[in-house]
Amino acid sequence: MSHAKLSWCNPIHWLALGFGSGLAPKAPGTFGTLIGIPAVFLLASLNWWEYLLALVVMTLVGIWICQYTAKAMGEHDHPSIVWDEIVGYAIAMFALPVEPLWLLAAFVLFRIFDIWKPGPIGWADKKLSGGNGIMMDDVLAGIFSAVILHLGWWLSGLLG
């Protein structure tokens, strides 16, 4: 880590960097999203409202840890900060079966929305600052993904 204020001994930095996944030399957001998969397996043991509460807590804590780490790094939204991807992916998987097809579909959709940033996702990325700016585009990308996935799940039940 190139910034003197950033430390592996600091658990806040460790979380913000996705347990080190954000330090991947290429596509750190994708590697951060991969860390979301075990997070989803942990959350899957919760009922839907406990999962939702966990997402709210992860988002609120994420606003703070991402802001704290960005400040230490001296950069608004350094690519190695990937807690937002972990949370966004967990949102994409909200109340869906934790099965390979859904895990992969959520991964692909979330990454598409996170990279392309259409509509309100792009607005949040450009207009919000601090920890809110870091987190909210990924929260919205997760919500967009979840809506499409739930629609697909519902349609698959009608057709199958």
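Please determine, by comparing only the residues of segment 124-160 that are more than 17 Å from the chain's Cα centre (by Cα) and among the aromatic types (Phe, Trp, Tyr), which one is surrounded by the most Cβ atoms within 10 Å (Cβ to Cβ).
TRP153
Would you confirm whether any residue within segment 25-32 is of a type in the set (D, E, K, R), surrounded by fewer than 20 Cβ atoms within 10 Å (Cβ to Cβ) and not in a helix (DSSP H, G or I)? Outline the logic, then answer.
As a first pass, look at segment 25-32 and keep what is of a type in the set (D, E, K, R): 26.
Now narrow it down to the ones that are surrounded by fewer than 20 Cβ atoms within 10 Å (Cβ to Cβ): 26.
Now narrow it down to the ones that are not in a helix (DSSP H, G or I): 26.
Yes: one or more hits.
State whether one or more residues within segment 147-158 are aliphatic (A, V, I, L, M) and at pLDDT below 95.
Taking segment 147-158 and keeping what is aliphatic (A, V, I, L, M), we get 147-149, 151, 155, 158.
Those still in the list that are at pLDDT below 95 too: 155, 158.
Yes, because at least one residue in segment 147-158 is aliphatic (A, V, I, L, M) and at pLDDT below 95.
Among the residues in segment 100-114, are any part of a loop (DSSP other than H, G, I, E, B) and not β-branched (Val, Ile, Thr)?
Here is the first cut: in segment 100-114, the ones part of a loop (DSSP other than H, G, I, E, B) are none.
Checked against the condition, which is being part of a loop (DSSP other than H, G, I, E, B) and not β-branched (Val, Ile, Thr), segment 100-114 yields no hits at all.
Go through (1) under 20 Å from GLY142 (Cβ atoms); (2) buried (at least 16 other Cβ atoms within 10 Å of the Cβ) one by one and return the number of the condition LEU42 breaks.
Condition (2) is where LEU42 drops out.
Of the conditions (1) hydrophobic (A, V, I, L, M, F, W, C); (2) in a helix (DSSP H, G or I); (3) open to solvent by less than 10 Å² (accessible area, probe 1.4 Å), ILE81 fails just one. Which one is it?
Here ILE81 meets the rest and fails (2).
Might you check whether a residue that is surrounded by 14 or more Cβ atoms within 10 Å (Cβ to Cβ) and among the β-branched types (Val, Ile, Thr) occurs anywhere in segment 99-110? Even if it seems obvious, please write down each step before you answer.
First, pick out the residues of segment 99-110 that are surrounded by 14 or more Cβ atoms within 10 Å (Cβ to Cβ): 102-103, 105-107, 109-110.
From what's left, among the β-branched types (Val, Ile, Thr): none.
Looking for residues that are surrounded by 14 or more Cβ atoms within 10 Å (Cβ to Cβ) and among the β-branched types (Val, Ile, Thr), one finds none in segment 99-110, hence no.
Check off (1) more than 30 Å from GLY157 (Cβ to Cβ); (2) open to solvent by less than 20 Å² (accessible area, probe 1.4 Å); (3) modelled with pLDDT of 95 or more for MET93 and give me the number that stays unchecked.
Every condition holds for MET93 apart from (1).
One line per residue, one yes/no per condition, for (1) modelled with pLDDT under 95; (2) among the small types (Gly, Ala, Ser):
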site	(1), (2)
LYS5	yes, no
CYS9	yes, no
ALA16	no, yes
ALA27	no, yes
THR30	no, no
PHE41	no, no
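Yes/no per residue for (1) in contact (Cβ under 8 Å) with a residue 12 or more places away in the chain; (2) over 24 Å from PHE19 (Cα atoms); (3) touching a Lys or Arg at 6+ places or on another chain (Cβ under 6 Å):
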position: ILE81; (1), (2), (3): yes, no, no
position: MET93; (1), (2), (3): yes, no, no
position: VAL108; (1), (2), (3): no, no, no
position: TRP153; (1), (2), (3): yes, yes, no
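For LEU60, only one of the following conditions fails: (1) open to solvent by 50 Å² or more (accessible area, probe 1.4 Å); (2) assigned to a loop (DSSP other than H, G, I, E, B); (3) of a type outside the set (D, E, K, R). What is its number?
LEU60 satisfies all of (1) open to solvent by 50 Å² or more (accessible area, probe 1.4 Å); (2) assigned to a loop (DSSP other than H, G, I, E, B); (3) of a type outside the set (D, E, K, R) except (2).
Hey, any hits in segment 46-56 for a residue that's exposed (fewer than 13 other Cβ atoms within 10 Å of the Cβ), of a type in the set (Phe, Trp, Tyr), over 20 Å from MET136 (Cβ atoms) and over 15 Å from the mean Cα position of the chain (by Cα)?
yes
The values are calculated or read from the model by the stated rules, or taken from the named source; none is laboratory data. The model shown is predicted, which means the values in this text are computed figures rather than measured ones. All Cβ positions, even for glycine, are placed from backbone atoms using ideal geometry, and neighbour counts span all protein chains on display. The accessibility values were calculated without ligands, DNA or RNA, using every heavy atom of the protein model including side chains. Shrake-Rupley method; radii C 1.70, N 1.55, O 1.52, S 1.80 Å.
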